[in-house]
Amino acid sequence: MSSRERRKDGGIPSGVVTRLPIYLRYLTELRDQGVGRVSSAQLGEALSFTAAQIRSDLSYFGSFGQQGYGYDVDELLMHISRILGLNRTYAMVLVGAGNLGKALASYENFRKRGFEIRAIFDVDEILVGNYHACCVIQPVEELDQYLKENPTDIGIIATPGHVSQDICDVLVANNVPCIWNFSPVHLQVPDEVIVEHIHLTDSLLRLSFRLNEQRHRD
C-alpha cells in the first residue's frame, strides 16, 4: 500500500493497524534474543510480508530506519509501542466471569502491557464474592454505580449473547469509550464508541474452511 492510498481524513487503514501488533511481537522477540538491528527485507521474510509493505506501513507514522542500515530494533520497538498507546495504563472492567472471562482476567501479559482489569462482574450468585485475578467478583447490578465512581477506558464483555447488548448499553451510558466484545452478538453503539468484536467461533470456522480447501486441492 503506497502513501497515495492514505485516507483523506488522515485515518490509518485498518490493514496497517492490524499489522502493527505483529511487528511489535516480532521486534520484542528480536530484542530478547539480543538482535540490534533488522532490515525491512528480514522483517518481511520472517513475517510473510513484503519489504515494501513494511516500509509503507511505517511511513504513516514517520521516518524510521536508514538506507543500508535498516532499523534499530530497540528504537523501532519503542516507536511502535508509543504508536499503539503502550506508554500509558488502561483501566478495564470485565463483565462475565465464566471460563472465557476468567481466562482473560488471568492472562498476565495484559497487565504487563498496561491493560489492567480492575473490576469483574457476573450475575451468578455462586461466583459473586469470590476472588479472581486479584479482584472480587461483584454482582452485575453494581456495574452502573462502579462506572460512575471509577472512570474506565475499556469494557470487556464475555457474557452470553442475550444480555450483551444490555451490558453494552450500561458501559456506553457511563462514558466507557472502548468495548472489547467476546459475546456472539454484534453490538450496536454510538459512532464515537470504539468496538472490537472477537468472535472465536468465526476464527475456528475460517481455519476449518482453509483446512478443507487444502484437502480438496490435495
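Rule-based calculations on the coordinates, nothing more; no lab input. Predicted model only: the values in this text are computed from it and were never measured. Note that each Cβ is placed from the backbone with ideal geometry, even for glycine, and that neighbours are counted across all protein chains shown.
At-a-glance table
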item	result
E108 being under 30 Å from L147 (Cβ atoms) and more than 19 Å from the chain's Cα centre (by Cα)	no
Condition check for D144: farther than 27 Å from S14 by Cα, more than 21 Å from the chain's Cα centre (by Cα) and part of a loop (DSSP other than H, G, I, E, B)	no
Residues within segment 23-38 that are over 22 Å from the mean Cα position of the chain (by Cα) and either closer than 19 Å to P13 by Cα or surrounded by 16 or more Cβ atoms within 10 Å (Cβ to Cβ) (or both), tallied	2
Test: residue in segment 181-188 that is part of a helix (DSSP H, G or I), free of Cβ contacts under 8 Å to residues at least 40 places away in the same chain, closer than 21 Å to A105 by Cα and of a type in the set (S, T, N, Q)	no
Residue, farthest from I117 (Cα to Cα), within segment 177-216, restricted to residues that are out of contact with any Cys (no Cβ under 8 Å at 6 or more places or on another chain) and among the acidic types (D, E)	E213
Number of the exception - A119 against (1) part of a strand (DSSP E or B); (2) surrounded by fewer than 17 Cβ atoms within 10 Å (Cβ to Cβ)	(2)
Tally, over segment 188-201, of residues that are closer than 19 Å to D153 by Cβ and under 17 Å from the mean Cα position of the chain (by Cα)	6
Among (1) surrounded by fewer than 17 Cβ atoms within 10 Å (Cβ to Cβ); (2) touching a helix residue (DSSP H, G or I) at 6+ places or on another chain (Cβ under 6 Å), the one test that N150 misses	(2)
Those residues of segment 154-177 which are assigned to a loop (DSSP other than H, G, I, E, B), surrounded by fewer than 18 Cβ atoms within 10 Å (Cβ to Cβ) and not polar (S, T, N, Q), in sequence order	P160, P177
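Yes/no matrix, rows are residues, columns are (1) surrounded by 12 or more Cβ atoms within 10 Å (Cβ to Cβ); (2) in contact with a His (Cβ under 8 Å, 6 or more places away or on another chain); (3) within 20 Å of V176 (Cβ to Cβ):
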| residue | (1), (2), (3) |
| --- | --- |
| F64 | yes, yes, no |
| M78 | yes, no, no |
| A91 | yes, no, yes |
| E125 | no, no, no |
